[in-house]
Each structure stands twice: as structure tokens, then as C-alpha cells.
1. So what is the relative contact order of the chain, in percent, for Cα pairs below 8 Å that sit 6 or more residues apart?
2. Report the residue, chosen from 178, 96, 158, that carries the largest GNM mean-square fluctuation when the chain is represented by alpha-carbon nodes joined by springs under 10 Å.
3. Using a Gaussian network model of the chain whose springs link C-alpha atoms within less than 10 Å, name the residue from 187, 157, 174 with the highest mean-square fluctuation.
4. Would you calculate a helix-derived [θ] at 222 nm for the chain, using -39,500 (n - 2.57) for each DSSP H run of n ≥ 4 and dividing by the full residue count, to the nearest 500?
5. P(r) for the stretch 206-315: what percent of alpha-carbon pairs falls in each 10 Å bin, starting at zero?
6. Of the residues 246, 225, 266, which exhibits the maximal mean-square fluctuation in a Gaussian network model of the chain defined by a 10 Å Cα contact cut-off?
7. Would you please put 295-302, 209-216, 283-290, 87-94 in order of how densely packed they are, using the mean number of other Cβ atoms within 10 angstrom per residue and starting with the highest?
8. Just to verify a number: FRET efficiency for residue 205 and residue 251, C-beta to C-beta distance, R0 = 30 Å, to 0.05?
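Any read-out appearing in this document is the output of simple, stated calculations on the displayed coordinates, not a laboratory observation. A quick note: this is a predicted structure, and the numbers were derived from the prediction, not measured. Cβ coordinates were reconstructed from backbone atoms using ideal geometry, including for glycine residues, and neighbour counts include every protein chain displayed.
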């Protein structure tokens, strides 16, 4: 996947960019996914995608038009590690999602034409036919399944983080009533926004003040708001928040998982690409490439055993 910058590229704000070249961390060794070692961005010289080759039986599942053109248009949300980000000073994106998409493209024998886009615009653009496939750590939810098909490749989900030294929430946030009377920072168009909106009555039922929600278009803006005290807590991806908290310059503390979600490649409903993508992901799982990619990015605690097409949302 060598084509970049076809559209306007979104970069994290300076607060996020400053986190990227930091030192690697060591494992805690407990086996708990919350304690999993999280490498600093670009810490590993390993390239698990380099040895991946086309698998003819899997490539044959592609529509004839795709096999003929040899390309697929991918809408990609590039925001922050470990999923996808631009290393400081680089025009080439890196991250777990980048590696997995690259590896799938190699198995299928196609070239990905990447167009960077904001997270909230990708799913509507898939429906309109602008892209063939989308990536952006998209969680599989009941609402999204009405108009989007997914091919799963990791199990991530929703979690919380606070400013380092803030003990007012305790050691973990496991119930939304812990947010009552507080201000929560989230990303636009995300499952976090949907979850908080759907559950906005929990504080009234508990006899507490409601939580306030502030929506940001970039991860860096959310982190800056936390450090400046404009929000009390961030709700974002489990792996992203864990990775962020492992970077000393971030000064955040991960407060645990709230809700796990399958994460997948996104497609227009009924797309003929879902079966070849599923077969390609399962090929990568079988040959060990998938495990090597997750190990590189410190996300092995989110591994899946097999890829599925549009599974129901985790309950």
C-alpha cells in the first residue's frame, strides 16, 4: 500500500505528535490485557508484512472487475497509534490497521489506493460508493450493521482515561454513573458518542447530575482538553488509550475497559468484497502474520481466532 495523500491528509495536533518518538516500554508480565506491553511508536524494525505473498485461491474470490483493475479504493482514518498515525516528519502512515490492510492487499494481489479522511465521513462515503473499503478502528454495532457490512480483524472496544494523578474516579470506570457531573471528551461520529447519548438518563435515575459530553475531531485536541482541565475524562478505544497512557509525555492513566467491540474493515451493505477480505484475514491468522503484526503494536490481547462477516454486536 504505497499510495498516500490522494485527498487532504489529517494530522494529529502537536500534543499527540509529541508522544510518538518516545522510548519503548517493558511488559508487566501479568497476562492481563490491561497490563500488556505497549511499544513506543516505530520501536520495532520488524516488518511482518514484507514476506506476505498473493494466495491465488483467495484472490480468485475477488470480483472480476477488481482482479482486472488490480486496485481498491480505501478510505482511511489516520489519527493516533497504535491503529494508524503519521510518525513525526513522515508522509507514510504506520500502525496496526495499516499493516493489516497492507497484508490483506498482498494476499489478494491488489494495490490499495488510500485516501485519508476524517473518521465520521468514511461510512457515509462507503454508502455513496466513493470508497470500496474503509478503515478507522470501526467498531461493529447494531446501528452500523443496518447500513454497513464488516469483516472483523481485531477485538477492541471502549475504555476511559484520565489525567495522570486524578484519583477521583477510583482505579477503574466500569459504570457510566461514575461519569455523572463530569465532562467527557470523545471523538466525532464514534461509538462513544452513541453510547453516551443512549445512556444519558442513567444519572437522573441515580439521582445525580448528568454528565456533559464534548466532541472533538482529533485525538490531539481531546488530549489537550484533558490536560488543560476542560474535560475530566476521555472515552476512546481500549488499545488507543492504553497505548497513550504508556507514553510518559501523555500524562494520562488508563482506567479500564467499559465495552468490548469487534473491529473490522467496513463495506457498503452487500459488497462482494466481504468474502475475499474475510478469507484474506483468516489466511493471515493461519500463517502467523496476523500474530506478528499484533505483537509489533502491542495489541495481542485483542487478537481474534477467526474473521467474521458482520457479526452481531457484543452484548
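1. Working: 668 pairs, mean separation 87.6, N = 315.
Once divided by the residue count of the chain, the mean separation gives 28 percent.
2. Maximum fluctuation in the GNM of the chain, among the listed residues, is at 178.
3. 174
4. Details: 11 runs with 89 residues, N = 315.
Roughly -7500 deg cm²/dmol at 222 nm, from the helical runs in the chain.
5. That works out to 11, 31, 31, 20, 6, 0, in percent per bin.
6. 225
7. Numbers: 295-302: 21.2, 209-216: 15.9, 283-290: 18.1, 87-94: 14.0.
So the peptides 295-302, 209-216, 283-290, 87-94, ranked by packing, come out 295-302, 283-290, 209-216, 87-94.
8. Numbers: r = 34 Å, r/R0 = 1.13.
Efficiency, from the Cβ-Cβ distance: 0.30.
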